[in-house]
Amino acid sequence: MIENTPFWHALELAWCGDGALSLHSIRLLDAMQKMIGLTDEQRAEIESRFEEEVVYDLTRAGFGCGDQALAAWVGTLTFLDDPAAQDVSRALGKAAMLHGLSRERWNWSYSWMKQLGLERPFAEGVWLEGEEAGELARVPALLVPVAQKIGLIENE
């Protein structure tokens, strides 16, 4: 489910603003790859599929204006360095389960969390009982797509 990942989202931001990819966006994608520990093979698989499903159908209307949105997105990856990232992920899992987690939402969310290395605490939150998983006080920007997918916050 590579289309349900932060790197896929980054490609959408980089390409879909105007159908072009800037040199700055390429550098940001390289930085993101390193930050989330994506191998060259994994990146190639994602980019190949993205090209087949999205890029082939884009009309070029500029010179890669998506780099500002992409830079902001890559900036959200600093959340991974936060000592509370594991606890927040666990609390998000618990909130997902309490809200009602379908198989499709589970698969989508798990793919997203796995690419960030947060799949284990997210899964623990889904399966823990009572107060063990903690409460979700706020959703960090990096996890907003997951919170939207599982219905905790409305799509904007």
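The values are calculated or read from the model by the stated rules, or taken from the named source; none is laboratory data. Just so you know, these numbers come straight off a predicted model, no measurement behind them. Ideal geometry is used to build each Cβ from the backbone, glycine not excepted, and the neighbour counts take in all protein chains shown.
Observations, loosely collected:
- Set Gly125, Gly93, Gly100, Gly151: member being modelled with pLDDT under 95 and in contact with an Asp or Glu (Cβ under 7 Å, 6 or more places away or on another chain): Gly93
- Subset of region 128-148 [modelled with pLDDT of 90 or more and surrounded by fewer than 17 Cβ atoms within 10 Å (Cβ to Cβ)]: Ala141, Val144, Gln148
- Tyr56 satisfies every condition listed in (1) more than 21 Å from Gly151 (Cα to Cα); (2) in contact (Cβ under 8 Å) with a residue 24 or more places away in the chain except (2).
- Here region 1-36 is the region considered, the condition is being in a loop (DSSP other than H, G, I, E, B) and of a type outside the set (Gly, Ala, Ser), and the residue that is farthest from Gln68 (Cα to Cα) is Met1.
- If you go through region 39-84 and pick out every residue that is assigned to a loop (DSSP other than H, G, I, E, B), within 26 Å of Ala141 (Cα to Cα) and at pLDDT below 95, you end up with 7.
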